[in-house]
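The values are calculated or read from the model by the stated rules, or taken from the named source; none is laboratory data. Remember, predicted model here, so these are calculated numbers, not experimental data. Backbone-built Cβ (ideal geometry, glycine too); neighbour counts: all protein chains shown.
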Amino acid sequence: MRARAFFALSLLAAACIVLDAHAATDTAAAPGATEPEAAAVLTARRIHTEDPAQPQVTAIAWDAQGRILATGEAKQLRARYPVARHVDAGDATVVPGLIDAHAHLMELGYALLRADLSGAASKDEVLQRLRVFAASAPEGAWIEGWGWDQNRWPEQTFPTAADLDAAFPDRPVWLLRIDGHAGWANSAALRAAATAEGARALEGDWQPDGGRIVREGGRPTGVFVDAAMRLVERAMPARSEAYRAEALSRALAAAVANGLTGVHDMGVSREDLALMRRFADEGRLPLRIDAYADGDREALADLCEHGLYRHPAGRLEMRGVKLFMDGALGSRGAALLADYSDEPGNRGLLVTDPAAFGAAVVKARDCGVQVATHAIGDRGNRIVLDTYEHALAGQGAPPDHRWRVEHAQVVAPEDIPRFARLRLVASMQPTHATSDMPWAEARLGHDRLAGAYAWRRFLDLGVTLALGSDFPVEQVDPRLGLHAAVTRQDRAGQPPGGWLPGQRLTAAEALRGFTVDAARAGHDEARVGRLAPGLRADFVVLDRDPLAVPAAELGDLEVRATWVDGQPVHTAD
């Protein structure tokens, strides 16, 4: 309690977070120069720095701008900086700030404002939660929900509009699947969509490019996959600026409460970047956001016209674009080289036409923009690899491009070495494996599992493995990612020994994936990811040592405090 009380006092003393307007030029003091005065020295039982020069210390010191001056032993640093404020973390363990290398802040915020359907074990439970949510929702507003997963239900089949109509005959209902790649509408929402698109626009045997309307007898059943979801969403009322700001505020608070000091936000629109920029201007960004533009649209056009973006306070930047190749495995939209084992004749969806994708990749390359592409199925990943290889062989390809494949979930084993050869980043999410393991083999068959969620195969080839969660698809909690990466088990410890245990990571490798390698994936290693002189004082205070506790306890670590730029942005109290 003494350490917690100290953090609470520190938070009060630091009501105004100090931002460094010159963060882009972070450097340690030049040799021979007068050493800057430290603003604070933090001491703890153990500090893992991820700095090869001093991997474990008991103290760090930083200046008033939040730049680390020195790391070392507590007694020496307190003597070296006698007038610096002393922050005593007691018996806690400190690690570099955790970075989620693939997430969606605005979608998390919207999910927190919608009915929470995650974990619902049946359609009846979904309806029960919706009734509770609807009782306090504004009169006449659409009922929105997030997180249903038919794989958790006894029948394991897609739901229909009729399943919702008895409870909501007149009020439109729109519910997003847990992966965000499918939506479930009631009949009132279907009528609204038909009015917006044309009376019979949803009927027939046609399908939208990159999507699928699930139909029976030519009529929509209520489920829309990938690009088809827009047919319903275009009929929904536009979100107000106040609603969007509330969503972002809630998402940021949830992130820092779980120990995140940085997020790679995949798919940020021009409008969402403007909102984040306003938060940054007002000093309301408690963590760092690496925003990736939402495909070949306005935000990418802005990068090409005006150059890569970075806010002067150092907590917001956009230097990359997030493209899409295929859908998700759970909704059978991931593009596979062969049929789904549990649905013959279906090989998934290409969300983007390969020619259009290739043009977008070359456009980004020529604008100096980092490319990151969603690819889940083995066919989707192969198309991305082929396209990257062609583009990187062309003129203007940057030597240190660090192009990324987001998810790389199911890759043909012969394609995995291409990630190393092309110097790509594999951006993967450990909890996807533990969420998908109950049904992944049914989708893929046993043989294709050889290249599924294959973290160890990538790492052993020297591929940069940046770890994240894909929140709100998974929970906004990197501790769960550490647990899944090391155990390949769910929180109940199943299956014994772990699922496909040969692909497990060590605790040190998992921590590196959320720190050093996540920072490298965003070209941020000169600022964050380690605790070393010249870098930012971004760190997390934990109750126990993630490199020493039993693997089964990694998900139970307590976040005592989250610090960014040498200031607390969250304390447990």
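Would you be able to tell me the number of residues in segment 39-53 that are part of a loop (DSSP other than H, G, I, E, B) and closer than 20 Å to G90 by Cα? Walk me through how you get there before you give the answer.
Restricting attention to segment 39-53, the residues satisfying the condition of being part of a loop (DSSP other than H, G, I, E, B) are 39, 49-53.
When the remaining residues are screened for being closer than 20 Å to G90 by Cα, the result is 39, 49.
Of the residues in that region, 2 qualify.
Restricting to segment 213-227, name every residue that is under 20 Å from L350 (Cβ atoms) and in contact with a Lys or Arg (Cβ under 9 Å, 6 or more places away or on another chain).
Of everything in segment 213-227, those that are under 20 Å from L350 (Cβ atoms) and in contact with a Lys or Arg (Cβ under 9 Å, 6 or more places away or on another chain) turn out to be V223, F224, V225, D226, A227.
With the requirement that a residue be of a type in the set (A, V, I, L, M, F, W, C) and not in a helix (DSSP H, G or I), what does segment 303-313 give you?
L308, A313
Between a residue in segment 97-116 that is without any contact (Cβ under 8 Å) to a residue 40 or more places away in the chain and any residue that is basic (K, R) and assigned to a helix (DSSP H, G or I), which pairs come within a Cβ distance under 8 Å, given they are 6 or more apart or on different chains?
Sorted first by the residue in segment 97-116, then by its partner, the pairs are D116/R129.
Looking for whichever is farther than 25 Å from L350 by Cβ and part of a loop (DSSP other than H, G, I, E, B) here; the options are G145, G109, G140. Which one fits?
Values: G145 fails: part of a loop (DSSP other than H, G, I, E, B); G109 fails: part of a loop (DSSP other than H, G, I, E, B).
It is G140.
Which ranges mark the helices (runs of 4 or more DSSP H) fully within segment 216-302 that have 1 or more residues being of a type in the set (V, I, T) and over 23 Å from Q429 (Cβ atoms)? Show your work before the answer.
Numbers: elements: 230-233, 241-257, 270-281.
Where helices (runs of 4 or more DSSP H) fall fully within segment 216-302 and carry at least 1 residues being of a type in the set (V, I, T) and over 23 Å from Q429 (Cβ atoms), they are 230-233.
For Q409, only one of the following conditions fails: (1) under 24 Å from D524 (Cα atoms); (2) of a type in the set (S, T, N, Q); (3) crowded, with 24+ Cβ neighbours inside 10 Å. What is its number?
Condition (1) is where Q409 drops out.
Residues that are farther than 30 Å from Q409 by Cα, out of contact with any Pro (no Cβ under 8 Å at 6 or more places or on another chain) and aliphatic (A, V, I, L, M): does segment 62-70 have at least one?
yes
Of the conditions (1) crowded, with 21+ Cβ neighbours inside 10 Å; (2) at pLDDT below 95, G481 clears all except one; give me its number.
Among (1) crowded, with 21+ Cβ neighbours inside 10 Å; (2) at pLDDT below 95, the lone unmet condition for G481 is (2).
So which of V564, V516, V559 is surrounded by 24 or more Cβ atoms within 10 Å (Cβ to Cβ), out of contact with any helix residue (DSSP H, G or I) (no Cβ under 6 Å at 6 or more places or on another chain) and not basic (K, R)? Explain how you work it out, then say what you get.
Working: V516 fails: surrounded by 24 or more Cβ atoms within 10 Å (Cβ to Cβ); V559 fails: surrounded by 24 or more Cβ atoms within 10 Å (Cβ to Cβ).
Only one candidate passes the filter, namely V564.
Of (1) surrounded by fewer than 18 Cβ atoms within 10 Å (Cβ to Cβ); (2) not assigned by TED's automatic domain parsing to the domain that holds L554, A115 satisfies all except one. Which?
Here A115 clears every test but (1).
Are any residues in segment 15-49 over 17 Å from T562 (Cβ atoms), touching a helix residue (DSSP H, G or I) at 6+ places or on another chain (Cβ under 9 Å) and either hydroxyl-bearing (S, T, Y) or modelled with pLDDT of 95 or more (or both), and if so, which ones?
If the condition is that a residue be over 17 Å from T562 (Cβ atoms), touching a helix residue (DSSP H, G or I) at 6+ places or on another chain (Cβ under 9 Å) and either hydroxyl-bearing (S, T, Y) or modelled with pLDDT of 95 or more (or both), then V41, T43 are the ones that fit.
Return the only residue of G445, G497 being more than 26 Å from G327 (Cβ to Cβ) and surrounded by fewer than 18 Cβ atoms within 10 Å (Cβ to Cβ). Give the steps one after another, and end with the answer.
Working: G445 fails: more than 26 Å from G327 (Cβ to Cβ).
Sole residue among the options that is more than 26 Å from G327 (Cβ to Cβ) and surrounded by fewer than 18 Cβ atoms within 10 Å (Cβ to Cβ): G497.
Which fully enclosed strands (runs of 3 or more DSSP E) of segment 314-420 have 2 or more residues being touching a Phe, Trp or Tyr at 6+ places or on another chain (Cβ under 8 Å)? Write out each step before concluding.
Details: elements: 316-324, 370-375, 404-407.
Where strands (runs of 3 or more DSSP E) fall fully within segment 314-420 and carry at least 2 residues being touching a Phe, Trp or Tyr at 6+ places or on another chain (Cβ under 8 Å), they are 316-324, 370-375.
Can you tell me how many residues within segment 144-164 are under 21 Å from A235 (Cβ atoms) and of a type in the set (S, T, N, Q)? Let's see the steps before the verdict.
Just the residues of segment 144-164 that are under 21 Å from A235 (Cβ atoms), to begin with: 144-146, 148, 158-164.
Next cut, of a type in the set (S, T, N, Q) only: 160.
Qualifying residue count for the region: 1.
Could you list, ordered by first residue, the pairs with Cβ atoms under 7 Å in which the first is in segment 412-436 and over 19 Å from E474 (Cβ atoms) and the second is acidic (D, E) and part of a helix (DSSP H, G or I), at least 6 apart or interchain?
So the pair list comes out as A412/D378; L422/E389.
For V569, all conditions in the list (1) in the same structural domain as L69 (by TED's automatic domain parsing); (2) more than 18 Å from E50 (Cα to Cα); (3) more than 23 Å from the chain's Cα centre (by Cα) hold save one; what is the number of the exception?
Going through (1) in the same structural domain as L69 (by TED's automatic domain parsing); (2) more than 18 Å from E50 (Cα to Cα); (3) more than 23 Å from the chain's Cα centre (by Cα) one by one, V569 breaks only (3).
Can we say V569 is among the β-branched types (V, I, T) and surrounded by fewer than 23 Cβ atoms within 10 Å (Cβ to Cβ)? Reasoning before the result, please.
On the way: among the β-branched types (V, I, T): yes; surrounded by fewer than 23 Cβ atoms within 10 Å (Cβ to Cβ): no.
Here the answer is no, as V569 does not meet what is asked.
Only one of these is of a type in the set (A, V, I, L, M, F, W, C), over 17 Å from the mean Cα position of the chain (by Cα) and crowded, with 22+ Cβ neighbours inside 10 Å: L535, L511. Name it.
L535
Would you be able to tell me the number of residues in segment 151-192 that are polar (S, T, N, Q) and either without any contact (Cβ under 8 Å) to a residue 12 or more places away in the chain or crowded, with 24+ Cβ neighbours inside 10 Å (or both)?
In the first step, residues of segment 151-192 are kept if they are polar (S, T, N, Q); the result is 151, 156-157, 160, 186-187.
Okay, now just the ones that are also either without any contact (Cβ under 8 Å) to a residue 12 or more places away in the chain or crowded, with 24+ Cβ neighbours inside 10 Å (or both), so 157, 186.
Qualifying residue count, segment 151-192: 2.
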